[in-house]
1. On a 23 Å Cα-Cα criterion, which of the cross-link pairs 8/110; 23/47; 14/43 come out too long?
2. Can you give the direction-averaged projected area of the convex hull of the alpha-carbon atoms in the chain, in nm²?
3. Normalising by the residue count of the stretch 6-124, find the relative contact order in percent from Cα pairs under 8 Å and 6+ residues apart.
Amino acid sequence: MKKVKRRKFNKNFKCKACGKCCKVEGYIHVSNTDIKNISRHLKMTEKQFRDKYVRWVHNIGRVLPSGVNSSCIFLKNGKCGIYQARPVQCSSFPYWDMITGDNDEWEYAKSYCKGCREMGEIIIS
Ligand code: SF4
Ligand code: SF4
């Protein structure tokens, strides 16, 4: 695995709202702020939201449960059903160190995300 120190892009990321990243296997972490925002968005109390949607995974933390075929439970008809209140993990994609700082992860992100492919890149290692 080849690490890069820094990666600069020619363009800012522009999401195409294709929903493909919401089907990638992995955990969607939710912070206390995420829980507050999503429960308010869904007009639920935080307790109702936690009881219905938040799972605890050992060594991982609080996450959303998976829906059909491992996709996110909030993915509806190919779109995020809580888009305005989606977790920071989702809204900050793909600007995660583990993606932009790792060549293999970046190539994987580009394999399913058109927005990533369109960013262009200059690698400084
Ligand atoms: S895969 Fe990329 S373009 Fe598609 S919804 Fe996810 S972030 Fe947006
Ligand atoms: S919360 Fe929304 S943006 Fe995040 S993975 Fe689920 S459907 Fe996709």
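Please treat every number below as a calculation from the coordinates, not as lab data. What you are looking at is a predicted structure, and each value in this text was computed from that prediction instead of being measured.
1. As for pairs spanning more than 23 Å Cα to Cα, those are 23/47; 14/43.
2. With the hull built on Cα positions only, its mean projection is 8.4 nm².
3. Taking the mean separation of contacting Cα pairs over the length of the stretch 6-124, I get 43 percent.
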